[in-house]
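Only one structure is covered here, and it is reproduced in the block below.
The values are calculated or read from the model by the stated rules, or taken from the named source; none is laboratory data. Predicted model, so just to flag it, every value in this text is computed and none were measured. Positions of Cβ are generated from backbone atoms using ideal geometry, with glycine treated the same way; all protein chains shown enter the neighbour counts.
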Amino acid sequence: MKVGYSPVLKIDPEFKSLMHPLSEKEFLSLRENILDGGTTYSIAAWNEYLIDGYERYMICRQENIPYHVHRIGFSCREHAITWICREQLKKGNLTNERYRYLIGKRYETERIVRNDSGTEPSQQTSHSKLQNTNSYRTALKLGEEYSLSHNTVYKYGVYSRMVDIIMEKDADLAQKILSGKLRVSHDNIIELSRLPQENIKRLNKTLSKEGIDHIVISDILRGFQWKRVVEPRTKTIPQEEIPIKQMPQFDPNAAPSSLAYTMPSWEGTIKRIRNETDFQIVSEDVKNKLAFQIRQLQNTLDTLSKKMEDNSNE
């Protein structure tokens with residue numbers, strides 16, 4: 001580890017997105033401590049990129065306060081991301097959303113960096129072979145480190161990937177989710193990530209305007225069927241002409257469209273369970289319940305499919 005003195009560093013957007021931002025109160029307190037301290041403040045960097053101490057760096061640069069930079073050597077970008085996640089997870093002020101995201105991000109990154117020739121499991125992989133895969137070992141290691149089951153680590157990995165997709169389409173919306181200001185369930189995060197960028201940006205604008213802090217994606221999808229992209233012009237309506245209640249125009253495509261968006265998440269969950277579960281060690285009671293629900297779902301889908309075909313032939 002090398003130490004440099006007050007160099008100008010580069011800000012990598014992905015690295016910065018992993019760092020838990022301080023609240024306004026925390027930032028002001030840090031700034032006051034730095035201004036009153038009269039000492040140098042340490043900041044970490046990989047090559048020319050800042051990897052820890054973003055707020056300290058910005059305050060010192062703005063106030064011309066000297067600071068030290070600890071340069072840490074990593075063999076690749078993935079190792080730098082893993083280090084950032086590990087350091088951020090040591091903080092006690094993380095939201096639940098950012099905590100899940102950082103563990104998932106660390107899992108997804110660490111399993112990419114392979115130190116052996118391990119391969120991902122195929123659909124026919126046995127439980128014993130699955131234990132030898134890199135993904136399983138990584139999930140098991142992180143589960144032990146953070147007192148989680150390996151299946152929970154898998155789930156957090158999916159969560160982090162979906163948040164990253166949303167981040168690419170609208171970074172502001174992703175940060176609202178990670179900060180806990182916008183509550184979205186795991187399944188709805190998956191559905192939200194599938195929306196086109198235009199819809200996600202429109203959604204963020206609507207949420208900000210209406211002060212909404214919790215969303216259900218099926219409601220949003222139905223809303224997109226009738227809400228206008230452009231805000232309507234303000235028009236003064238005489239008191240006697242004001243309707244009692246204005247309802248959105250009925251759209252027969254809304255509910256089927258919502259279902260079409262939702263069903264891929266079912267498929268993803270089913271495939272994950274199929275690939276990662278050793279049914280030889282699953283209890284008979286659970287297998288019977290699952291088999292019953294599969295038959296019920298299949299019957300419902302067959303009925304829906306037949307109704308669609310019958311209506312198409314009329």
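Some points to look at:
- The set of residues in the stretch 275-288 that are assigned to a helix (DSSP H, G or I), charged (D, E, K, R) and modelled with pLDDT under 80 comprises 276, 284, 285.
- Just one of (1) closer than 27 Å to residue 177 by Cβ; (2) modelled with pLDDT under 90; (3) in contact with a His (Cβ under 6 Å, 6 or more places away or on another chain) fails for residue 23. It is (3).
- Subset of the stretch 136-189 (residues that are part of a helix (DSSP H, G or I), among the small types (Gly, Ala, Ser) and touching an Asp or Glu at 6+ places or on another chain (Cβ under 7 Å)): 157, 160
- The set of residues from the stretch 84-111 being in contact with a strand residue (DSSP E or B) (Cβ under 7 Å, 6 or more places away or on another chain) and more than 19 Å from residue 174 (Cβ to Cβ) comprises just one member, 87.
The rows are residues; the columns are (1) within 18 Å of residue 106 (Cα to Cα); (2) among the small types (Gly, Ala, Ser); (3) modelled with pLDDT of 90 or more.
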residue: 12; (1), (2), (3): yes, no, yes
residue: 45; (1), (2), (3): no, yes, yes
residue: 52; (1), (2), (3): yes, no, yes
residue: 79; (1), (2), (3): yes, no, yes
residue: 83; (1), (2), (3): yes, no, yes
residue: 88; (1), (2), (3): yes, no, yes
residue: 92; (1), (2), (3): yes, yes, no
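- Number of positions in the stretch 170-189 that are in contact with a Pro (Cβ under 8 Å, 6 or more places away or on another chain) and farther than 18 Å from residue 22 by Cα: 0
- Extreme residue, modelled with the lowest pLDDT, among residues of the stretch 99-114 that are out of contact with any Ser or Thr (no Cβ under 9 Å at 6 or more places or on another chain) and part of a helix (DSSP H, G or I): 112
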